[in-house]
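Since the structure comes first, as C-alpha cells, the remarks are kept for the end.
The values are calculated or read from the model by the stated rules, or taken from the named source; none is laboratory data. Remember, it's a predicted structure, so these values are computed and weren't measured experimentally. Note: ideal-geometry Cβ built from the backbone for every residue, glycine included; neighbour counts use all protein chains shown. Quick note on the areas: whole protein, heavy atoms, side chains included, nothing else; ligands and nucleic acids left out. Shrake-Rupley method; radii C 1.70, N 1.55, O 1.52, S 1.80 Å.
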Amino acid sequence: MDLYVMNCELLATCSALGYLEGDTYHKEPDCLESVKDLIRYLRHEDDTRDTRQQLGAGQILQNDLLPIITQHSQDKALFDACIRLMVNLTQPALLCFGKVPDDPTVRHHFLEVVSYLQAYKEAFANEKVFGVLSETLYNLLQLDWEQRQEEDNLLIERILLLVRNVLHVPADPYEEKNVDDDASVHDKLLWAIHMSGLDDLIKFLASAQSEQQWSMHVLEVISLMFRDQTPELLVSAGQARSSQEKQRDAQELEALRQKEQAEKRSRTLQRGTRHSRFGGSYVVQGLKSIGEKDVIYHRGLHNFKNYTHDEGKAVRRVPKRKLHARDSEGKRRSALNVRLFLREFCLDFLENCYNRLMYLVKEGLIREQAQQHDETYYLWSLSFFMAFNRGNGFRADLVSETMSIRAFHFIERNITNYYEMMLTDRKEATSWSRRMHLALKAYQELLLTVNEMDRSRDENIRQSANVIKSNIFYLMEYREIFLTLLRKFDETKQPRTFLRDLVESTHLFLRMLERFCKGRNNLVVQKKRVKRKKSKGRKNPTAAETTPEALEETWGAVAEELRAISFQLSEALTEGAVPFDAASEIPLEEQRTEAMVRVQDALLNRWGPEALGLLRAAREVWPEGDVFGSADVEPEEELGLLKQILIANLPRPPPPEPGMEEEEDGELEEEELESVRVSETEFNFLDFIKRFANPNIVRPYLLLLRSYSQNSPHTNHCITRMLHRLAVDLKMDALLFQLSVFCLFNKILGDPAAAAYKELVTFAKFVLNRFFALAAKNNKAFVELLFWKSVGAVREMTEGYSKPGEGEGSKKKAKWTPEEEDELRTLYEEHRDSEVPDIVETLLPLLSNTTLTRRQVVAQLVAMGLVDSVKDLKKQRKGTRIVLWTEEQEEELQMLFEEFRDSDDVLGNILKKVTAKRSRARLVEKLLSMGLVSDRRELHKKRRRNPNAPGKSAAMRMTEEEFLADLTGGLTEEPMDGDEEEDEEESEGEEQERRAPAARGRKSWMAERESMVEKNASLRTMVYTLRQEGMSGPLLWLQNCLNRTADDREEEGLFQPVPIVPLTEENEDAMEKKSFQRLLQKIGVRAPADEQESFWRIPAQMRPSQLRGAAEVLSPSQDALAAGAEESEQPTPGSPIQEQQQGEADSHEQRAQALRALLLARKMKQPSASAEHTDFTPVEDIDSDSAPQRSSEKKTSTKRRRVVLDSDEDEEDSPLTMDLGADGDADSDREAHSAPAKRKRQRVLIDDDEDD
C-alpha cells in the first residue's frame, strides 16, 4: 500500500507526531494527542484492517514510535501512549482476522498485515529499544506493592505483551534464506533481549513470589524465545561432540555414500558402453495396449522398469479435503552465541524458576483463569525443558513439579479433549491437531523422564519411578490412549511428524510395560466397561393424535390402565412427580397452567400413572379453588377430571421451527445412556499386544514406513519392532500379507542403500518367505493380497476356511436338505395350534439335526413361508409379556399371599403357584400397591437352622429369629433392602446354604446371643452411664418420641417406619455420639440404611407395648435401680465372688439352664400379662449393622459377586457384640458370642469393552 492512498485525516495525524532529523527525533507539541488519535482510529477500523495497513505502509512504528520511546522516555504519558499503540499495531494477524481467511481478497489483506508485522520485528531487533523497555520494567519492579499504582501494573503488562507480540511474528521464508549457524531476524531479536538484560528480568518475574500474576505472560515470552530451538542442540552448544555423535554422523555419511555409489553402478550397468543413436523399439508380450495388440516400447530396456500406463496422462488433482496435512515445524540451528546464551538461560530457569512457574500456570489453567488455548504454552514448555534437563545430566528435583500422576492426567485429558474437538469443529481441525501434537509430545517426554528415573543410581528416584509406572499401567486411560490415537489417525488432519511421535511414544510405552511385567508374576490393572443403552426418546404427540376419535381411543386405554392398577401408584412415581420448579422465575400461576399442560401431554402419550401422579402432586401444591380436585376426591372423580383435562383446549407455547424439531427428535433417538463399570483384572502383556493386531492400527505404521529413507534409524526401529511383535510374537504374519505392503518391501529390498536398513531388509525377507510357504498350501493366498485382513480372516487364511454353517457363532446360511425341510414343516404344523409360549424352543429338540441354531430355524421358517416375519417368532423376554393385572389375577395373588404369608419364603412360593408368570420385581410392586405388605423387606426369605442337628435340645433347635420373636412378642428382623438382582442372588445363596446346614450350625447357638436378663441389665447400665455424661435431655426426648409413636400406632393402627428427627443442638450432638447410637441399636431403632436416608427410624414391626417398654427402661427410676444393683453386685478384685462369677460366665451349661428357664417362664405367662408387662426386651437392629455378617455368609453365589462392605465399624457397634457395661466377662462374651465379621472388598468383575 502506497502513501498516496493513505486517508487524509490519518496522514495529518501522523504528520503531527514529529519528524526524524538524522538520529534525533523532534516531537510536535500535539504528539501525545496524535498518538491517542491513532489509537482511536485503530479501534474503529473495518474488517480489512485498513488503518493498520496504512500505518504499516507509512512505517509509523519504525520512523516515529520507536524513536519517541528511545529518545523521549522521560515523558511518562507519551511513553505509555506509545506503548499502548505499539501493542495494538504488533498484535498477531490471526487475532485481527480471527482465522486465516478463505476469501482471496481478505486473504490478501491478511498477508499484507503479516508482511508489515515482519517489518516491525526487524525494526525491534535493536539494543536501544529493548534497553529502554528493560530499564522501564526494572524501575517499575523496584516499586513495592504499596507504592505501585494501577497505571504501573498496566504498563508492566503492556511491556510484556509488546515483547510477546514481537516474538510471535513468524519468519519470512522467502527473505530469510539463511543456512544453519547464521543469524536470522529472530536471533538478532534474542540477542538484543540478552544484551539489554531483559532476559534476567523475565527470570526474576518467573521466580519472584510477589510477581506471580505475570506467570502466564512470562511463560508465553519464554516459549516464543525458544520457538525455533531443539533441546538437543542447546545441550550440545559449546561442547565437543561425543564419540557416539561422531559415530552416528559417520554412519549417516557412509549410508549416503553407499547409496550414491550403488546408484552410479546401476546407471553404468543399464546403458551400454557404445552409444547408439537408435534407441530401439520393443514389443512387450502379454501387456496389452489400448487396443488388442501388445504394447510397443520405444526406449531402451534399461528404462523399462520405470514404465507405467500413466505416462503422458494429465495428473489428477487431489481434492482439498483429501490432501495430506503438512508438517508445520521448521527447526534450524541458530548462531552459536545465541545458542550459548539460551543454554545458560535454560540452566538458570530450571534451577530457580521452572517448578514454581509451572505450578502457578497449572493452577491458573485448572481454575480457568487463563485465556483460551493458553495450555499449549504449558505443554510446549513441559516437553522442552524436561527434554533439556534429561539431556543435560538429568536432575529429577529440577522438574519435580511436572513429574507426577497429576501431570499425566492433565495431559491425557487434554489429548482427549483435542481429539473430540477435532471431530466436532471440522473447520478448525488442523489447529486442534497441532494442539494434540503438543500434548502428545509432552506425554512422550513424561514417559522418557520416567524411563530415565528408572535408570537412576538413587534408590529413592527409582522407587518414585516405580510408583508412577504402577499408577499409569494400572489405569485403563493411560494404557488405551495409544491404541485410540493409532486407530483414529487421519493423515488429512494430522501431519507425518505427529505419526512419528505417536509411533515412538507407543514403542517406549510398550517397552516400559514389558519390562515392568517381567519382574512380576501377576499384575492387577483396572478395567472399565461402558454399557450403552439407547434411550427411548418420548416424542410429542402429533396433530393426528388429537382428533376426537384418537382422543376417545387414548382415553379408553388410559382409563383401563388406571383401573387395572386400582389407582395405586408406586413410590417412585409419587416421589418423581414434581409439578413446579421452586427455583424458576416463572410465577406460580403460570406454572399451574404448565402443570395442567404436562398432565394433558402425559394422557396424550398414554402414560396414565404418570398423569395421575402429576395430578395428585399438583393438587397438593395448588389446593385453592379445587382446580386439580378436592382433597377428599374419589378415584372415579379423579378419572373424570383427567378426562376433562385430556379433551380441554389448553394454551400451549408456540411450537419450535420444523428444522429444530427434527434435529431434537434425532438427538432423542440417538441419545445413549452410558454407565461405566469399573473392575480389576489380571494383566497379560501378550493379550494387550493382541489389541494392536488390527488393520486400522497396522496401516499408520506402514504409512510412516513409506518414508523410510527420510526417517531416523530410531523411527524405523520402532516400526520394525511393532511389526515384529505382530508377526513373530503373536504369529500373525498373515496380517501383513497385503499387496501395498509387498510393494513397499520390494522397494526396500531393491534400494541401492539397502545395507543401511539391515533390520528392515531382514524383516521383509522373513515376511515374504512366510507368504510363499503359505501360498504353496493355500492357492487363494494371492487373492488375499488384495485385502486388509482382520484377525478372523488371518486365522482362516492360515488354518483353513470354514464351510457354510460351520464354526462357532457362524452367521452363514445353513443348507437344508429336502428331508429336513419336510420334517420342519410337519413339526410346525403339529405345534402351531398348541398354546406353547415359544414354538421355536419347542421345535429345536424335536429336529433330527441337533446342530441347528434358533436363528437358522427361524430364518428357514420365514424362507419356507410358514411365518410372515421374524418378528412373529421373536423370543419373549421373561416378565415383559404381561403388563396389566386383571381382577382375577389380583384375587389370585391375594389368596396366595394369605396362604403363604407365614411361610419362610413368601415370594418364592407365590412365584411357583401364580398362574400368570411375572418377574419378582412385578410381584413385589403389586403386593406393595395392593397394601398387602408395607415394606419389601417383609417378602425376604427367612433363614432357619438345621432342626435335626444332633445333641441339641428343643430350645437349642429354635432359630435365632424365632427365639427373638418369642422374647419380644413377635418382633422380627429387618433384613437389608436391596434391588431385585441382589434379592435373587441372596435367595440362590440361601438355597445352597439350606443344602449344607451343618456348615452354618458349627457355632453354638448360645455363643450368638446374651440372655434377656443380661441384656436388660446392660441396657439399664448404658442409660445410667449416659445420664452421668449429662445426656438426660436427649434421653427424655427419646422417651417422649417412643411414647408418642406408641400412641399414634394404637390410635391409627398404621405401622410405618418413623424417623427420629432431632430439632435442638443438644439432641443433634447426642445422635452423633457412638454411645447414644449403641443405645438406639439396643432398643431396636434402625440406623440410616443408605446415603439417601439421614435419620434413624423406629421400625414398623415394633408394637406399642414394645415401644412403651423401651420408654420405661429410659426412665430415671430404672437408672437408679441399675446404679444400686451395680454398686451392690460389684465384687472386689481377687475375691471368691469374682472368681465364682468368672467361672459362671465361662460355663455354657449354666447359660443353657438359664435359657431353658426363660422359655419355661414365657410359656407359663398369660397373653394379657405379656401384653401389659413393662420389662422391655431390647431388639437389636439386624438391618443396619449385621449386614457385613450377612453378606459374609453368602459365600456361594452363582454370579460370584464380590460385595464391597466397609466393615470399618468397631466391634462394639455390631449388634451381635453386646455391650455388657460393668460386667466383668464382657471381653470373654465377645469372643464366645460374636464371630468377627470378615472384611471384604468389592470388586465387580466385568470384561473390558473392546472396540474390536
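What the table below lists for this structure:
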| item | result |
| --- | --- |
| Hey, Arg725 in contact with a Phe, Trp or Tyr (Cβ under 9 Å, 6 or more places away or on another chain), in contact (Cβ under 8 Å) with a residue 24 or more places away in the chain and open to solvent by less than 20 Å² (accessible area, probe 1.4 Å) or not | yes |
| So Arg496, is it surrounded by 14 or more Cβ atoms within 10 Å (Cβ to Cβ), in contact with a Phe, Trp or Tyr (Cβ under 9 Å, 6 or more places away or on another chain) and of a type outside the set (A, V, I, L, M, F, W, C) | no |
| Residue satisfying all of: in region 596-621; of a type in the set (D, E, K, R) and within 18 Å of Val633 (Cβ to Cβ); most open to solvent (accessible area, probe 1.4 Å) among these | Glu620 |
| Cross-chain or 6+ apart pairs with Cβ under 7 Å, region 1016-1040 first and without any contact (Cβ under 8 Å) to a residue 40 or more places away in the chain and at negative phi, then buried (at least 17 other Cβ atoms within 10 Å of the Cβ) and assigned to a helix (DSSP H, G or I) | Trp1037/Asn1067 |
| Helices (runs of 4 or more DSSP H) wholly inside region 298-416 that include at least 3 residues being in contact (Cβ under 8 Å) with a residue 24 or more places away in the chain and among the charged types (D, E, K, R) | 336-352 |
| Wholly within region 637-751, helices (runs of 4 or more DSSP H) carrying at least 3 residues that are at pLDDT below 85 | 658-670 |
| Residue within region 302-316 that is loosely packed, with under 12 Cβ neighbours inside 10 Å, out of contact with any His (no Cβ under 8 Å at 6 or more places or on another chain) and on the phi > 0 side of the Ramachandran plot present | yes |
| Answer from Lys121, Lys128 - the residue that is basic (Lys, Arg), at pLDDT 90 or above, part of a helix (DSSP H, G or I) and within 21 Å of Leu224 (Cβ to Cβ) | Lys121 |
| Hits in region 36-71 - residues which are closer than 20 Å to Leu160 by Cα and in contact with a helix residue (DSSP H, G or I) (Cβ under 9 Å, 6 or more places away or on another chain) | Ile39, Leu61, Gln62, Leu65, Leu66, Ile68, Ile69, Thr70 |
| Subset of region 763-790 [open to solvent by less than 90 Å² (accessible area, probe 1.4 Å), closer than 20 Å to Thr720 by Cα and in a helix (DSSP H, G or I)] | Phe763, Ala764, Phe766, Val767, Leu768, Phe771 |
| Residue within region 421-429 that is crowded, with 20+ Cβ neighbours inside 10 Å and touching a residue at least 40 places away in the same chain (Cβ under 8 Å) present | yes |
| Verdict on Arg339 being open to solvent by 30 Å² or more (accessible area, probe 1.4 Å) and of a type in the set (Lys, Arg) | no |
| Selection status of Leu42, open to solvent by less than 20 Å² (accessible area, probe 1.4 Å), touching a residue at least 60 places away in the same chain (Cβ under 8 Å) and in a helix (DSSP H, G or I) | no |
| Residue in region 234-244 that is open to solvent by less than 40 Å² (accessible area, probe 1.4 Å), closer than 30 Å to Lys362 by Cβ, part of a helix (DSSP H, G or I) and in contact with a Leu (Cβ under 9 Å, 6 or more places away or on another chain) present | yes |
| First in region 459-485 and over 13 Å from Phe516 (Cβ atoms), second anywhere and small (Gly, Ala, Ser), Cβ under 6 Å, 6 or more apart | Ile461/Ala396 |
| Cross-chain or 6+ apart pairs with Cβ under 8 Å, region 728-755 first and touching a residue at least 12 places away in the same chain (Cβ under 8 Å), then polar (S, T, N, Q) | Ala734/Thr798; Asp751/Ser709; Pro752/Gln258; Pro752/Gln261; Pro752/Ser266; Ala753/Gln258; Ala753/Ser709; Ala755/Gln258 |
| Any chance Asp64 is surrounded by 21 or more Cβ atoms within 10 Å (Cβ to Cβ) and under 22 Å from Ser15 (Cα atoms) | yes |
| Unique residue being closer than 17 Å to Leu10 by Cα and either in contact (Cβ under 8 Å) with a residue 40 or more places away in the chain or surrounded by fewer than 15 Cβ atoms within 10 Å (Cβ to Cβ) (or both) when the list is Leu55, Leu117 | Leu55 |
| Output for region 73-94, where each listed residue is crowded, with 18+ Cβ neighbours inside 10 Å and not in a helix (DSSP H, G or I) | Thr90, Gln91 |
| Test: Lys871 is assigned to a helix (DSSP H, G or I), surrounded by fewer than 13 Cβ atoms within 10 Å (Cβ to Cβ) and modelled with pLDDT under 80 | yes |
| Test: residue in region 133-156 that is of a type in the set (Phe, Trp, Tyr) and buried (at least 16 other Cβ atoms within 10 Å of the Cβ) | no |
| Residue within region 12-20 that is open to solvent by 90 Å² or more (accessible area, probe 1.4 Å) and not in a strand (DSSP E or B) present | no |
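Per-residue answers, yes or no, for (1) among the basic types (Lys, Arg); (2) buried (at least 16 other Cβ atoms within 10 Å of the Cβ); (3) assigned to a loop (DSSP other than H, G, I, E, B); (4) under 49 Å from the mean Cα position of the chain (by Cα):
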site: Lys815; (1), (2), (3), (4): yes, no, yes, yes
site: Glu820; (1), (2), (3), (4): no, yes, no, no
site: Glu829; (1), (2), (3), (4): no, no, no, no
site: Ser834; (1), (2), (3), (4): no, no, yes, no
site: Leu843; (1), (2), (3), (4): no, yes, no, yes
site: Gln856; (1), (2), (3), (4): no, yes, no, yes
